[in-house]
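Below is one structure, written out as structure tokens; the observations come after it.
The values are calculated or read from the model by the stated rules, or taken from the named source; none is laboratory data. Note that the structure is predicted; figures quoted are calculated from it, not measured. Methodologically, a virtual Cβ is constructed for each residue, glycine included, from the backbone with ideal geometry; neighbour enumeration extends over all protein chains shown. Areas reflect the complete protein model, heavy atoms only, side chains present, ligands, DNA and RNA absent. Shrake-Rupley method; radii C 1.70, N 1.55, O 1.52, S 1.80 Å.
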Amino acid sequence: MNALIKSATIVDSKSDFHNETVDILIEKGRISKISKRITNPKNYKEIKLDNLHVSQGWFDSSVSFGEPGYEEREIISNGLKTAANSGFTGVALNANSNPVIDSYADITFVKSKAQDHAVSLYPIGALTQGSQSEDLAELFDMTNAGAVAFYDYQKPICNPNLMKIALQYASNFDGLVCSFPQESKISGLGVANEHINSTKLGLKGNPALAEELQVARDLFLLEYTEGKLHIPTISTAKSVELIRAAKAKKLNVTCSVAIHNLLFTDDVLHSFDTNYKVLPPLRTQTDCDALIEGLKDGTIDMVTTDHNPIDIEDKKIEFDYAKYGTIGLESAFGALQTLFTTKKTISLLTQGKSRFGISETTINEGELADLALFNPDTSYEFSKSDITSRSKNSMFLGTQLKGNTYGIIANNKIALK
């Protein structure tokens, strides 16, 4: 793949051309020249776009695509197309499928489905067999097949001894164990944050305590085992405090936050719109503020869309019975820009690769082209026409966003909208 990008502003603090507006020549998938003005050498494809900005390709540590088993929600090929349109060159795929991805063969299958795409797919294998929280899955075999981490998607490991063994076992091959932060005996049948709004609306409450107890337990287990832990999608102020204290003790822990937990509070539940039914639930403004501060000071290591397509039959029903989940790839960039500067937004979207064993690139001559292309300065109302996913269950519908994406250049391919 050969291309010439014209008049692009580079947003990459590790690049020699950071904040400069330049032409970028790409030959055979690698950046061969960056200069103020480059003449097209061999009639290569030229990319000229309005207010074009370029950064390192973005990475999402938690996406679900349904396949295998839930193809009515999403299939891998269209999920990767959605990621490309949204600026992501790499996504970590959850074991949120039927059957659950918990073996060497399963990892091989999903990787084969992602071949020849511009977006790289990094499978996350289930931590336990069938995500049943009873017996460990084939962790080492899945690592050999290409799994980058192990996680029973949105299912807590109830047995602390099982989590202890997982951390100890995975440390033998530097495996990354992920633990969903929820104590199920406390959360019970709760479907919304336990607070004044859940009481007003008559919705069963899922208290912040349920998350914080699990986070505290897992941090104690991590300290005991000296393992390697990632806590996905924290949602409370106290969780931020607990992880900040753990990092001060030099524990090997990272965490993420879902973008929607930064922007929305449980005040939106008055509409009973099931697109707002997510796990962990939307919390209070105090929690949102603490999560944002945690991103600013580095306590929270990365953001995620926690992209989870759900078909209309499982969303357009009573709130209590609707499935958890919202899609988020298409709205990620525009949503973050309503909270942070473009520089900080790009930093958040490119963090997390190293934690999952993924190599990072910079925008310099000689480097592989792994690029996100975007315009940071547009404003628009997010609508269904902006959604590429098969499922349309986005809580961002009707929300004002800032900035849009053009696509990506990665894996020796150009993928533009």
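Things to note:
- Signed unit charges on C-beta, dipole axis of the chain, positive-most listed residue Ser64, Ile358, Thr274: Ile358
- Stretched out straight at 0.36 nm per residue, the stretch from Lys323 to Asn375 would grow longer than its current Cα-Cα span by 15.3 nm.
- With every protein chain in place and a 1.4 angstrom probe, the accessible-area ranking of Ser389, Ser103, largest first, reads Ser103, Ser389.
- Taking each residue as 0.36 nm, the span from Asp273 to Glu226 lengthens on full extension beyond its C-alpha to C-alpha distance by 12.7 nm.
- In the stretch 128-168, the ratio of gyration radius to Kirkwood radius, Rg to Rh, stands at 0.94 when only Cα atoms are counted.
- Too-long pairs where the Cα-Cα distance tops 21 Å, listed order kept, from Lys238/Lys343; Lys277/Lys417; Lys6/Lys42; Lys111/Lys343; Lys315/Lys384: Lys238/Lys343; Lys277/Lys417; Lys111/Lys343
- Cα gyration tensor category, rounded, prolate or oblate, for the stretch 337-408 with a/c compared to 1.5: prolate
- Reducing the stretch 10-60 and the stretch 256-287 to their Cα centroids gives an inter-centroid distance of 37 Å.
- For the chain, the dipole from Cβ point charges (+1 on Lys and Arg, -1 on Asp and Glu) about the Cα centre works out to 980 debye, to the nearest 20.
- When only Cα pairs below 8 angstrom with a gap of at least 6 residues are kept, the stretch 1-111 shows a relative contact order of 22 percent.
- Relative contact order (%) - the chain, alpha-carbon pairs under 8 angstrom, separation at least six: 20 percent
- To put it simply, the accessible area of the stretch 227-382 at a 1.4 Å probe is 49 percent carbon and sulfur.
- DSSP assigns beta bridges within the chain; of those with both partners inside it, close to 50 percent run antiparallel.
- Size descriptor, Kirkwood hydrodynamic radius, that averages inverse alpha-carbon separations across the stretch 263-417, Å: 17.2 Å
- Distance in nm between pseudo-label sites at Ile312 and Ile165 (7 Å out along the Cβ direction from Cα): 4.6 nm
- Rounded if a/c under 1.5, otherwise prolate or oblate - the stretch 217-285, Cα gyration tensor axes: prolate
- Given +1 at the Cβ of Lys and Arg, -1 at the Cβ of Asp and Glu and no other charges, the dipole of the stretch 136-261 around its Cα centre is 360 debye to the nearest 20.
- Choice from Leu263, Leu229, Leu349 with maximal GNM fluctuation in the chain (Cα, 10 Å cutoff): Leu263
- With Cα atoms as the point set, the radius of gyration and Dmax of the chain evaluate to 20.9, 67 Å.
- Remark: the stretch 120-190 carries a charge dipole of roughly 220 debye about the Cα centre, counting +1 on each Lys and Arg Cβ and -1 on each Asp and Glu Cβ.
- In this structure the chain gives 39 Å² per residue of accessible area when probed at 1.4 Å with all protein chains present.
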